[in-house]
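Following: one structure in structure tokens, then a few remarks.
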Amino acid sequence: MSSAAEIQRKIRIEQIRKIRQQEEEARKRLSKIKHKIIVLSGKGGVGKSFITANLAAALAQKGYVVGVFDADIHGPSIPKIFGVHGQTLYAGPGGIMPLLGVGNVRVVSADLMLPSEESALIWRGPLKTGFIRELLSMVNWGEMDFLLVDLPPGTGDEALTIAQLIKDLDGAIIVTTPSDLTRIVVKKAITFCKQLNVDIIGIVNNMCCFICPKCGSKYYIFGKGGADKLTKEMGLRLLGDIPLDPRISEAMDKGVPFVIAFPEAEAAKKLMEIAEKVAEYVEKKPGSGGEEGEGG
Ligand SMILES: Nc1ncnc2c1ncn2[C@@H]1O[C@H](COP(=O)(O)OP(=O)(O)OP(=O)(O)O)[C@@H](O)[C@H]1O
Ligand SMILES: [Mg+2]
């Protein structure tokens with residue numbers, strides 16, 4: 001073999017060794033977290049980040065120790081929801097320390113590593129995969145009850161990297177909206193989970209309707225019945241319907257999770273109920289780290 005080919009071979013072996021080492025380190029750190037859940041949809045803009053963040057805040061309100069990993073490298077929104085946008089992650093002796101967001105939720109996002117608000121990570125697949133793996137190998141989450149992972153739309157590199165790296169995922173929460181187009185695209189996310197043997201905890205039907213604050217009438221702005229049809233077709237459980245609420249943007253602007261900013265809102269009550277169902281699901285799951293019944 002020529003010396004150039006030999007050098008290339010050695011570089012490749014070294015790269016693979018480094019990848020394996022990072023995977024091992026990431027799994028070791030993640031093994032201290034009892035329950036790991038991904039939130040995905042297939043469709044963009046349906047409220048994945050809103051639901052991830054607010055389920056995390058709801059679980060923290062119930063007394064669990066919770067973290068959120070923002071795996072949406074190109075469009076991160078988790079830091080803003082938890083009021084840590086503009087802050088920077090720092091590395092301590094034990095690794096990268098998550099920031100503590102409003103509501104006592106530990107937050108890690110690529111956005112918290114960028115020099116300014118306008119900075120963007122312009123990366124292709126392998127770079128994103130490498131970044132997620134390396135970041136998870138370095139984050140010192142500590143002991144936690146729950147880690148929720150917010151995924152970008154689609155079933156691309158980020159989702160695949162997370163699903164393959166976190167082999168002991170408890171399951172996935174799938175977010176949909178009532179429209180027929182969303183239902184069709186969301187099925188792809190369901191197929192993704194099935195193909196990767198990720199259990200589906202259930203479906204959240206976001207933006208189900210608008211409840212008039214004056215008369216209490218319900219308006220089905222994006223249609224009706226799409227989520228029921230989806231759950232029946234795919235044999236899945238509907239975790240709950242979340243109405244539209246303009247105060248959700250208000251809470252985001254304030255940097256306070258909606259369930260904390262407006263606990264009396266119908267959407268916040270629904271999110272608390274869904275969090276309860278998720279906690280019940282993971283605790284009942286065979287081999288779950290939570291049989292002893294932690295939290296509130
Ligand atoms: N039930 C709701 N009522 C009112 N606004 C909502 C609701 N759910 C989400 N939103 C708003 O809709 C927008 C999109 O939500 P979000 O960013 O959570 O979606 P996403 O699925 O994560 O989007 P992306 O695919 O870009 O990651 C946000 O401005 C959010 O505040
Ligand atoms: Mg999002």
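No lab work stands behind these numbers, since they all come straight from the coordinates. Small disclaimer: the values here were computed from a predicted structure and weren't measured. Cβ: placed from backbone, ideal geometry, glycine included. Neighbour counts: every protein chain shown.
At a glance:
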| item | result |
| --- | --- |
| Projected-area average for the stretch 93-224 over all orientations - Cα convex hull basis, square nanometres | 11.5 |
| The chain - share of DSSP beta bridges that are antiparallel (%, nearest 5) | 20 |
| Highest-MSF residue in the chain out of Met138, Met207, Met113 [GNM, Cα springs under 10 Å] | Met113 |
| Viscosity 0.692 mPa s, temperature 37 °C, Stokes-Einstein D of the stretch 192-284 from Kirkwood C-alpha radius, µm²/s | 222 |
| Which of Ile166, Trp141, Gly156, positive extreme of dipole for the stretch 127-212 (C-beta unit charges) | Gly156 |
| Extension reserve of the Ser2-Lys218 stretch, reckoned as 0.36 nm per residue once the Cα distance is removed | 70.4 nm |
| Tally of Lys pairs whose C-alpha atoms are under 18 Å apart, taken over the stretch 182-296, 8 or more apart or cross-chain | 13 |
| Cubic angstrom per residue, convex hull over Cα atoms of the stretch 33-141 | 113 |
| Whether the stretch 208-247 is rounded, prolate or oblate, judged on the alpha carbon gyration tensor where a/c under 1.5 counts as rounded | prolate |
| Trypsin sites (Lys or Arg not before Pro) within the stretch 214-296: DSSP coil, no more than 15 neighbouring Cβ in 10 Å | Lys214, Lys224, Arg237 |
| Relative contact order %, the stretch 22-157, counting alpha carbon pairs below 8 Å whose residues are six or more apart | 45 |
| Residues in the stretch 20-42 that a label on Leu160 would reach, taking backbone N under 17 Å of a point 7 Å out along Cα→Cβ | 41-42 |
| Residue-averaged 222 nm ellipticity for the chain, from DSSP H runs of 4+ at -39500 (n - 2.57), nearest 500 | -13500 deg cm²/dmol |
| Contour minus Cα-Cα distance for Lys32 and Leu196 (0.36 nm per residue) | 56.8 nm |
| Cα shape, the stretch 5-70, gyration tensor, a/c 1.5 rule | oblate |
| Spin-label pair Lys18/Ser119, simplified geometry with 7 Å Cα→Cβ offset, distance in nm | 2.0 |
| Under the Karplus curve 6.51 cos²θ - 1.76 cosθ + 1.60, θ = phi - 60°, whole-Hz ³J(HN,Hα) for the stretch 31-48, x wherever Gly or Pro sits | 5, 7, 9, 5, 10, 10, 10, 9, 10, 9, 8, x, 9, x, x, 8, x, 4 |
| Where GluC sites (Glu not before Pro) fall in DSSP loop in the stretch 206-288, at most 15 other Cβ within 10 Å | Glu264 |
| Cα-based Rg / Dmax (Å) for the chain | 19.6, 80 |
| Dipole of the stretch 131-277, positive direction: furthest Cα of Gly225, Val186, Pro213, with charges on the beta-carbon | Gly225 |
